[in-house]
Structures are given as structure tokens and as C-alpha cells.
1. Could you give me the ³J(HN,Hα) list for the range 40-48, computed from phi with Karplus coefficients 6.51, -1.76, 1.60 and θ = phi - 60°, whole Hz, x at Gly and Pro?
2. Quick one: if you take sqrt(5λ) for each eigenvalue of the C-alpha gyration tensor of the range 75-115, what semi-axes come out, biggest first, whole angstrom?
3. What residues have an amide H closer than 5 Å to that of Phe67, excluding those fewer than 5 places away on the same chain, when H is modeled at 1.01 Å from N in the peptide plane?
4. Can you pull the percent of the chain's accessible area that's carbon plus sulfur, 1.4 Å probe, other chains left in place?
5. Could you tell me the extents of the range 8-76's C-alpha atoms along the three principal axes, largest first, rounded to whole Å?
6. What is the Å³ per residue value for the convex hull set by the Cα atoms of the chain?
7. Keeping all protein chains in place, calculate the accessible area per residue for the chain (probe 1.4 angstrom), answer in Å².
8. Enumerate the amide H contacts of Gly10 below 5 Å, restricted to partners 5 or more residues apart or on another chain; note that Pro and chain-start residues carry no placed amide H.
Amino acid sequence: QVQLVESGGGLVQPGGSLRLSCAASISIFSLYAWGWYRQAPGKQRELVAGISRGGNTNYGDSVKGRFTISRDNAKKTVYLQMNSLKPEDAAVYYCNNYPTPFPSWGPGTQVAASS
């Protein structure tokens, strides 16, 4: 069973940046596509960004041009660089398989942008 641990969240001022990390304990990390998802209070979980096995990326419309997803297969880690953060980006961020998440989710990491 895969274990996912997200980190790097926090509170920043609007316009600030954060870099999220997700460590995956899975035997062959490189064979999977990975995604970052987020869930704000009272809303459904949504896809933020995805990265294929070959490194092709896909972004939600609301984060295009501001967020960048990347992966390090040797470290079994997925990253999300978030720039120009907006108050509406506030949510708990999770990583998981993309585009079909595994049933098991990590604890997530909280992100907020507020002055």
C-alpha cells in the first residue's frame, strides 16, 4: 500500500511563494503519473496539476502560469512550486496518482495566502 506524505505548506502574503513536497513510499515510483490536488472548506477536491511518467505536465485553469509541478524519481518525490499565491488558493493540498487517485490519501498540507 502506498504512503504519501505532503509537506511545505504555510501562511504567506498574497503574491508570495511556497514549494510543496510529496514523498511517496512505493516500489516503482517512476512508473506512475502524479498529481497535486486541493480541497478548500465546503468544496470538492480538485486537480491542481499533473505530471506524466515522461514529464509532460497539465494544469488547472486557475493555476496556469503560476504553479509548476515537477518530479524527482530518484527521491520518489513530487514537487509543486506555487508563485503569485492568491487568497483563493487557500486549501489543503494533497498528492496522489494521476489521473486516477489511489484510494489512500496522505494527511495533506495546509496552504493559505492572507494579509
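1. Here the 3J(HN,Hα) series is 8, x, x, 10, 6, 5, 10, 6, 9 Hz.
2. On the way: eigenvalues 103, 30, 17 Å².
The equivalent ellipsoid of the range 75-115 has semi-axes of 23, 12, 9 Å.
3. Residues meeting the amide H criterion: Asn83.
4. 48 percent
5. For the range 8-76, the Cα extents along the three principal axes come out at 36, 25, 21 Å.
6. It comes to 91 Å³ per residue, whole-number rounded.
7. Working: 6040 Å² over 115 residues.
That works out to 53 Å² per residue.
8. Val111, Ala112
The values are calculated or read from the model by the stated rules, or taken from the named source; none is laboratory data. Because the structure is predicted, anything quoted here is derived from the model rather than measured. Ligands, DNA and RNA are excluded from the accessible area calculation, which covers all protein heavy atoms including side chains. Shrake-Rupley method; radii C 1.70, N 1.55, O 1.52, S 1.80 Å.
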